[in-house]
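Structure record follows, encoded as structure tokens.
Only the coordinates and a few stated rules stand behind these numbers; no lab work does. Not measured: the values here are computed from a predicted model. Virtual Cβ from ideal backbone geometry, glycine too; neighbours counted across all protein chains shown.
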Amino acid sequence: MCQGKTKPLELIQKEGGESFVEFFISLGEIHSDVDADVASEFVCSMYGQKKTRDVNEARYNKLMQMTGSFDQDNPLSNIKRIDCAILPPSRRTLAMKVWRSHYVTLVWKRAMLACPSDGLSPTDYGWSVS
């Protein structure tokens with residue numbers, strides 16, 4: 001049996017239960033608003049930050065956990081040994097990722113149409129045209 005990333009599924013089954021399931025179901029529904037608070041709570045759980053539901057706070061907590069003590073005189077002294085890729089996304093970044101995922105899911109759910117993206121504008125879902 002192939003093993004993928006099982007933690008997200010385990011979180012959905014155990015902790016968030018219905019709210020996480022409803023969040024993922026709402027992705028790709030044309031007239032649905034995606035609940036950013038539930039997305040934030042899910043990401044916090046993914047990063048082991050169960051005491052908070054705010055990804056910015058989880059990001060800060062994780063950074064403090066990685067750097068150890070904090071030097072008031074030189075706050076960036078421990079920054080060189082940090083891999084920022086393992087930090088949770090910021091609230092703004094998470095919102096953009098959720099909107100883009102929502103758009104891609106909308107297109108995939110309409111894949112059987114001749115032009116699945118008809119009536120959908122990527123700029124309404126976080127992308128910009130430059």
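Brief remarks follow.
- Relative contact order computed over the chain (Cα-Cα under 8 Å; 6+ residues apart), in percent: 23
- Placing R0 at 22 angstrom, the Cβ-Cβ distance between R100 and Q13 gives a FRET efficiency of 0.30 after rounding to 0.05.
- Taking each DSSP H run with n ≥ 4 as -39500 (n - 2.57) and averaging over every residue of the chain yields -13500 deg cm²/dmol at 222 nm.
- Using θ = phi - 60° in the Karplus curve 6.51 cos²θ - 1.76 cosθ + 1.60, the 3J(HN,Hα) couplings for region 120-130 round to 10, 10, x, 5, 7, 10, x, 7, 10, 9, 10 Hz; x is entered for Gly and Pro.
- Helix 36-46 vs. the chain, principal-axis angle (Cα, 0 to 90°, nearest 10): 50
- Against the chain, whose longest principal axis is taken from its Cα atoms, helix 91-109 shows a tilt of about 20°.
- Full-extension gain in nm, K109 to V129, via 0.36 nm per residue minus C-alpha separation: 4.8 nm
- Range of Cα positions in the chain per principal axis (Å), largest first: 60, 42, 30
- Counting only residues at least eight positions apart within a chain, or on another chain, the lysines with an alpha carbon under 24 Å from that of K5 are K14, K50, K51, K62, K97, K109.
- Computed from Cα positions, the angle between helix 55-67 and the longest principal axis of the chain comes to roughly 40 degrees.
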